[in-house]
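The values are calculated or read from the model by the stated rules, or taken from the named source; none is laboratory data. Given the structure is predicted, the values throughout are model-derived calculations rather than measurements. Ligands, DNA and RNA are stripped out before the accessible areas are found, and what is left, the full protein with its side chains, is counted by its heavy atoms. Shrake-Rupley method; radii C 1.70, N 1.55, O 1.52, S 1.80 Å.
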Amino acid sequence: MNQMVLLIGQSFSLSAKIVGALFLVYIYWKHKRKPALYWFLSWVAAASSIFADISRNIYVLSLSEAFWATFLFYGTLILLEENEIVSGKIRGRCWKTLSAIPVATSLYGILIGVIGYSSDWFALLGLPYAVSALFIVVSGLMILSAREFYNNKALYLGGILFVYGLHKLDFPILRLVEWFAPIGFALGSIFTAFSAYFMIKFVFAEEFIRVEKPSVEIYFKPGVMIIKPLEYTTIKEKLEKVSALAFVRDLKAPKTWNTFFVSTTEVRNSVSPTNLAFIIDTSVRYLKEAKNKGFGGVIIIDCPEYLKAYNGFESLAKFFASLKDFTISYEGTLILVIEEKAWDERELQILKRILV
């Protein structure tokens, strides 16, 4: 009876992990969201741990659990970076380096087992497994910290991962207790199913750039338009029914726009003026979705001067050149609202030569 419960728990857990992985790889393929890619890899590693446990290969089991925790932790870090919850190059790099700890611990356990230095089950598997479980707990806590951006979606996913990680921490203590093993797997399979369910809901409901085809025909020649602030009012009226992507300082934008407020203040739907990588990534996803739906996307930046103040002219020129290339590749239009008096003549000429 116990073996039957164990087999059912393993089969149910494996199914949940495979389904979760398939949904996540679909999200990555469709939206190119990096957190979805790393979470997909985490579920693939988690699924391989089931086969390792069935075959009683403790080395593969240890490494599978380690990669599960590492990819989950790393993908969560990427998510927090996108929302600037973890910011700064040095701080972000340090956190990413920490994500290698579960794999390093597992490899060390495998090494001392292979060279015959130790045959102790706890040293070879129990301790590496516990370290991996701890990183799953921390991943849950980090997702909980994103509630400002994702509300209950972060609460449910972070909460279940936190509880799941705590449950996995009992593995080194109770795995060898014969009567508890089926119960532990049954609980694990339940937590796996809920984790996969809430993660799927999270990535599907996450605020990707939802692009709807305009209800009116608006045509701009693909490429870059440089307009003056006085022309901006007319453009806003013209694009009132278009789901444009806008990075603005002016909060009086049409409700149909996907608007990000460029600011050093951490508020909802804000982006730091120094986070040019986020603007590029978000723009590329938006342009690709727009093209897939049969129209050219429109990107509006009404604060180039503000961006220059925080990044310098050289960095900003390179940024605009890259954004122009992506915009043309996806047959979209980039609209820059530029106050010419705020630029010296040389900078203005370089911008026009690069962009127009």
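Using only Cα atoms, figure out Rg for the stretch 280-336 and give it as a multiple of 2.2 N^0.38 Å.
Values: Rg = 11.9 Å, N = 57, 2.2 N^0.38 = 10.2 Å.
Expressed relative to 2.2 N^0.38 Å, the Cα Rg reads 1.16.
For the residues TRP39, TRP29, a 1.4 Å probe over the protein chains yields an accessible-area ranking, largest first, of TRP29, TRP39.
For the stretch 258-356, the per residue solvent-accessible surface stands at 44 Å², with DNA, RNA and ligands left out and a 1.4 Å probe. Here the 3J(HN,Hα) profile of the stretch 148-160, calculated from phi with Karplus coefficients 6.51, -1.76 and 1.60 at θ = phi - 60°, is 4, 9, 10, 6, 5, 4, 6, 4, 5, 5, x, x, 6 Hz, Gly and Pro shown as x. When only Cα pairs below 8 angstrom with a gap of at least 6 residues are kept, the stretch 238-356 shows a relative contact order of 23 percent.
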